[in-house]
1. Quickly run through the range A:319-346 and pick out the residues that are away from DNA strand B (no atom under 14 Å from the Cβ) and among the β-branched types (Val, Ile, Thr).
2. Looking only at the range A:141-180, which residues are part of a helix (DSSP H, G or I), within 16 Å of DNA strand B (Cβ to nearest atom) and out of contact with any Gly (no Cβ under 8 Å at 6 or more places or on another chain)?
3. Kindly provide the set of residues from the range A:44-99 that are surrounded by 12 or more Cβ atoms within 10 Å (Cβ to Cβ) and among the small types (Gly, Ala, Ser), ordered by number.
4. Give the residue that is nearest to DNA strand B (Cβ to nearest atom), with candidates limited to residues of the range A:211-256 that are at pLDDT below 95 and among the basic types (Lys, Arg).
5. Evaluate the following for A:Thr187: is it at pLDDT 95 or above, among the hydroxyl-bearing types (Ser, Thr, Tyr), within 20 Å of A:Met221 (Cβ to Cβ) and under 26 Å from the mean Cα position of the chain (by Cα)?
6. Can you pull out every residue in the range A:254-280 that is within 16 Å of A:Tyr345 (Cβ to Cβ) and not in a helix (DSSP H, G or I)?
7. Does the range A:324-342 include one or more residues that are without any contact (Cβ under 8 Å) to a residue 24 or more places away in the chain and surrounded by fewer than 19 Cβ atoms within 10 Å (Cβ to Cβ)?
Amino acid sequence: MLIDLDAFFASIEERERPELKGKPIVIGADPKQGKGRGVVSTANYEARKYGIHSGMPIAIAYKKCPQAIYLQPRIEFYEQVSDKIMNILKNYADAFEQVSIDEAYLDVSRRCQSFDDAKELALKIKNEIKEKEKLTCSIGIGPNKLIAKIAADFQKPDGLTIVKQEEVVTFLKPLSVRVIPGIGPKTEQALNRLGIKTIEQLQQFSKEELIRYFGSFGEYMYNAAYGIDESPVKESEEIKSISIQHTFEHDTKSKKLIYSKLRELINLLHIRLREERLSFKTITVKIRFYDFETHTSQTTLIQQSTSQALAFNIASKLIQPWLEKKKAIRLIGVSFSKLKPIKNYGQNYNQKDLTKYKTLTNKAPLLK
DNA sequence: TCTGGGGTCCTAGGACCC
DNA sequence: TCTGGGGTCCTAGGACCC
C-alpha cells in the first residue's frame, strides 16, 4: 500500500487558515510581483486549475495567477504534522517505509488476507487521518510497491485505487510510460523516439531489445511494463550523504560574499553531521554560474573526519578554481558523503582539537 | 518564462593493484 | 614492440524523485 498525502503543504496551510478554503494557494518562493527567484513547492488543486504545478518557476506561476495566495513554506511545522501521521500509519503496517515527508509504503500482506481486507484497512487509515489531522490522502493498493505507487497516482486527491495481481497487466496497458517511477522527461523522449508512448507499446518490446537500448535500466523498464517488482518494504535506510546549497538573491562575483556563504553553509551542514553522529570521508562543492552551467568538485580524504575546519579548508580549495573564471555565480553548495557513524562526537568540539585541526589543515595532511 | 533544496542511483574514464 | 583480465576506488556529470 502506498499512501500519499494530497497537496500536503498547501493542505496544512488551508487547515490552519480556514479563510483560505476554496482559494488558489501556492507554497514556494516569494513571487515578489513576478520577479521572485525560486520555484513552486506545492500548489493546491484550486491553483492547479490555472496550470500551476510544483517545480514551476514562481515568476511564471505569478503571471498565471497573481491573485493566488502565495505562502513561504514552514517546513519544520510540516515535519511535525508528517511525524504525527507517520506514527498513525506505522500502527497499520507489518513493515513500514517512509519515502518522503508526505509518502509511505505499508506492507500489509500479513495482516490482510485479501485485497478486500486491504481496502477496508485503507478506508480506516483515511478516516483516522481525516479525524485526527483533518487531511486527505490518496492510497494505492497492489501486489507490490511499484503497482501500489502507480495506483496511488491514478486517482487524486482523496483517491483509493486497488489493483489485484490478475488485473495488473491490463491496468498498466493504457497508461503513459511516464507513470513508471524512474522514467522522467529524458527517458520518455527516448522511448517516444522508439515509438513507445504507452505501457502497452512498451510491452511489445523484448527484454533483450530494451537492454540493448537502455542497459540495466532497460531490464527494469521491461519488468515494470508487466508490473513485476520484488523490492521489499524497507524499515529504514542509513544516510548516504547530507548536503546544503544556496541560491544567491542576485548572481555575484564577490569572493568575500561567496566565501562567507560557504562558511555559513558548512557550519549548518556540520551541525547536522553532529546531530546525526556521523563522520565524512568525501567533500563535494557545487557551483552554478549565472547561465546555469553547473559543476561539482570533490575530494576524498584518506580517513573519516568530523572536522568543520578541515571541511572549510578543503571546500575553499575546491571552489577556488571556479572563481577564477570571473563568471557571476548563482548558487553554491556543499555535500558530505562516505558517511560513517561515530561515537564520542563531543571531542572534536573542544578548542584544542579545533586548533590542532587548523594547523593540520594548513599542510592538508589528510589529502592524497 | 526562468529554472529551490535535499536526496538516490547510474555511467564512464582513469588510476592503481594483483 | 605491443599490450590480458579482473577488481576496487575516485571523480564528474546526469537523470530522477519528492
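1. A:Ile319, A:Ile342
2. A:Lys145
3. If the condition is that a residue be surrounded by 12 or more Cβ atoms within 10 Å (Cβ to Cβ) and among the small types (Gly, Ala, Ser), then A:Ala47, A:Gly51, A:Ser54, A:Ala59, A:Ala61, A:Ala68, A:Ser82, A:Ala93, A:Ala95 are the ones that fit.
4. So, considering only residues that are at pLDDT below 95 and among the basic types (Lys, Arg), the one nearest to DNA strand B (Cβ to nearest atom) is A:Lys234.
5. Yes, satisfied.
6. Scanning the range A:254-280 gives A:Glu276, A:Arg277, A:Leu278, A:Ser279, A:Phe280.
7. Taking every residue of the range A:324-342 in turn, at least one turns out to be without any contact (Cβ under 8 Å) to a residue 24 or more places away in the chain and surrounded by fewer than 19 Cβ atoms within 10 Å (Cβ to Cβ).
To keep it simple, each residue is scored yes or no on (1) surrounded by 13 or more Cβ atoms within 10 Å (Cβ to Cβ); (2) at positive phi; (3) not in a helix (DSSP H, G or I).
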{"residue": "A:Gly182", "(1), (2), (3)": "no, yes, yes"}
{"residue": "A:Thr187", "(1), (2), (3)": "yes, no, no"}
{"residue": "A:Ile196", "(1), (2), (3)": "yes, no, yes"}
{"residue": "A:Gln201", "(1), (2), (3)": "yes, no, no"}
{"residue": "A:Val233", "(1), (2), (3)": "yes, no, yes"}
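The values are calculated or read from the model by the stated rules, or taken from the named source; none is laboratory data. This one's a predicted model, so the numbers in the text were calculated from it and none came from an experiment. Counting neighbours? That spans all protein chains shown, and the Cβs are built from the backbone with ideal geometry, glycine included.
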